[in-house]
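Chemist: This is the structure I want to talk about, given as structure tokens.
The values are calculated or read from the model by the stated rules, or taken from the named source; none is laboratory data. In this text, all values refer to a predicted model and were calculated from it rather than measured experimentally. Glycine also receives a Cβ, built like all others from the backbone with ideal geometry; neighbour counts cover every protein chain displayed. What goes into the accessible areas is simple: the full protein's heavy atoms, side chains included, and nothing from ligands, DNA or RNA. Shrake-Rupley method; radii C 1.70, N 1.55, O 1.52, S 1.80 Å.
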Amino acid sequence: PPAIRKISEKHDKVFVTGCLEPDTSTPRANAAFVVLARNKEIDGVIQSIKSVERHFNRWYHYPYVFLNDADFDETFKATVRNYTSANVEFGKVEPGTWGFPDWIDEKVAKEGIAKQGDAAVMYGGMESYHFMCRFYSGFFFNHPLLLKYEWYWRVEPEITYFCDITYDPFLKMIENNKTYGFTIAVKELRETVPNIFRYASAYKRTNNLTSQGLWEMFVEPQEHKEEHEDPNPPLPDEVLQGKPASLPPIDPEAMEGEKYNMCHFWSNFEIAKLSWFRSKEYNDFFQMMDRSGGFWMERWGDAPIHSLAAGALLAPRDIHYFRDFGYRHTTIQHCPANAPARQLPRPPWLETTTTDERKRKEEDEYWESWDEPKENGVGCRCR
Ligand code: GDP
Ligand code: MN
């Protein structure tokens with residue numbers, strides 16, 4: 001599949017090829033691991049730290065920042081410190097960044113959440129999960145313990161790395177002028193985000209943002225698409241005025257021109273630049289999404305929020321696919337030596353989405369090519 005490789009390599013290629021001895025002579029980046037967790041998740045946290053340390057951090061010693069909506073207990077802190085020699089800090093989320101914001105009618109929000117519970121939306125009925133998603137969407141990057149850092153690597157309880165990472169991904173992100181890195185992209189559960197795309201595309205439209213080529217990664221190709229001037233319904237006045245809207249459902253007719261394909265970067269792994277999240281553009285995006293009420297009346301995850309923000313604000317060249325990282329979280333994994341062929345419907349480095357058959361075929365061939373182990377250093381000391 002050399003043709004497709006050319007397309008992909010135009011925007012993003014594997015950072016390091018071959019199996020290296022870890023190079024620790026380079027200076028460290030201004031970066032930390034970020035772990036949001038609860039005390040009761042200590043076992044899953046230890047599993048994650050063991051894996052991160054074994055496959056990467058025993059050579060690089062990047063610090064960890066642990067965040068919680070409650071206080072970490074002494075057992076949690078001592079146990080964590082037992083498993084890494086790196087610097088570790090523990091913090092509590094800032095007031096106002098967790099729970100219901102003062103502008104929402106709590107009764108309405110709680111009813112919305114209960115409804116999602118009744119409808120068996122995954123985690124939809126769980127208040128704390130909504131809090132978590134909103135925190136990771138709009139606030140973690142401004143936590144006082146993170147302000148001194150420019151880069152972060154997100155870690156969750158119960159993750160596994162299964163290949164050695166023998167280079168510093170932060171330095172490579174910097175060297176290659178990248179903003180956001182992922183290793184798995186999957187489809188979101190539609191019922192958790194029925195209206196998310198309406199607001200994301202309205203943001204794009206109201207700010208006159210033209211796609212830099214990444215937005216198309218999130219758009220379902222429409223076979224018989226008609227040219228609409230303005231395919232999305234206008235943003236409700238309440239949202240423009242900063243009041244929570246009731247999230248009226250999408251008029252399928254009106255949305256015909258542009259439909260969310262549910263693709264998103266799976267955000268439990270992320271290596272990204274904090275200044276992007278702290279930028280005015282990202283925060284305007286978050287504000288507008290937040291004010292729509294979608295974190296309550298629907299169960300918007302931080303993964304589609306981060307992804308659609310990237311789609312609106314970034315270009316394919318800003319994104320890095322860590323295709324060489326062996327990574328697993330619960331039931332989904334990415335194995336570099338045997339990459340699931342069609343897990344990513346739309347490689348972000350493709351300039352535009354196209355239904356053109358030829359390109360499709362090249363794409364398929366591209367993914368199939370990942371069945372060849374060892375190429376590009378992929379499969380380097382995986383265990
Ligand atoms: P899933 O991966 O989507 O199934 O969701 P998780 O339960 O793993 O939650 C995502 C992340 O947020 C993990 O790092 C959790 O430890 C963390 N998290 C979720 N809910 C809470 C919460 O109520 N309090 C705290 N402190 N962390 C939470
Ligand atoms: Mn998780």
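Chemist: For segment 101-120, give me the residue count where each residue is in contact (Cβ under 8 Å) with a residue 24 or more places away in the chain and either acidic (Asp, Glu) or surrounded by 18 or more Cβ atoms within 10 Å (Cβ to Cβ) (or both).
Modeler: Result for segment 101-120: 6.
Chemist: Does segment 355-365 contain at least one residue that is modelled with pLDDT under 85, assigned to a loop (DSSP other than H, G, I, E, B) and closer than 29 Å to PHE170 by Cβ?
Modeler: no
Chemist: Can you tell me which residue within segment 251-268, out of those that are in a loop (DSSP other than H, G, I, E, B) and at pLDDT 90 or above, is nearest to ligand 2 (Cβ to nearest atom)?
Modeler: Result: ASN268.
Chemist: Tell me whether segment 161-173 contains one or more residues that are over 21 Å from GLY91 (Cα atoms), part of a strand (DSSP E or B) and modelled with pLDDT of 90 or more.
Modeler: Scanning segment 161-173, I find at least one residue that is over 21 Å from GLY91 (Cα atoms), part of a strand (DSSP E or B) and modelled with pLDDT of 90 or more, so the answer is yes.
Chemist: Any idea which of VAL34, VAL52, VAL45 is within 16 Å of ligand 2 (Cβ to nearest atom), closer than 14 Å to VAL93 by Cβ and modelled with pLDDT of 95 or more?
Modeler: VAL34
Chemist: Here are TYR64, TYR60: which of them is surrounded by 17 or more Cβ atoms within 10 Å (Cβ to Cβ) and more than 21 Å from the chain's Cα centre (by Cα)?
Modeler: TYR60
Chemist: Same structure, new question: Would you be able to say whether some residue in segment 319-337 is farther than 26 Å from ILE159 by Cα and touching a strand residue (DSSP E or B) at 6+ places or on another chain (Cβ under 9 Å)?
Modeler: No: zero hits.
Chemist: With respect to ILE165, is the statement that it is within 17 Å of the chain's Cα centre (by Cα) and open to solvent by less than 10 Å² (accessible area, probe 1.4 Å) true?
Modeler: no
Chemist: Here is a further query. Filter segment 132-159 down to the residues that are part of a loop (DSSP other than H, G, I, E, B), within 14 Å of ligand 1 (Cβ to nearest atom) and either of a type in the set (Phe, Trp, Tyr) or open to solvent by less than 20 Å² (accessible area, probe 1.4 Å) (or both) and list them by number.
Modeler: PHE139, HIS143, VAL155, PRO157
Chemist: Within segment 82-96, is there a residue that is more than 28 Å from ASP324 (Cα to Cα), within 16 Å of ligand 2 (Cβ to nearest atom), in contact with a strand residue (DSSP E or B) (Cβ under 9 Å, 6 or more places away or on another chain) and open to solvent by 20 Å² or more (accessible area, probe 1.4 Å)?
Modeler: No, segment 82-96 contains no residue that is more than 28 Å from ASP324 (Cα to Cα), within 16 Å of ligand 2 (Cβ to nearest atom), in contact with a strand residue (DSSP E or B) (Cβ under 9 Å, 6 or more places away or on another chain) and open to solvent by 20 Å² or more (accessible area, probe 1.4 Å).
Chemist: Right, another one. Condition check: surrounded by fewer than 21 Cβ atoms within 10 Å (Cβ to Cβ), in a loop (DSSP other than H, G, I, E, B) and at pLDDT 95 or above. Does TYR129 satisfy that?
Modeler: So TYR129 does not fit the description; no.
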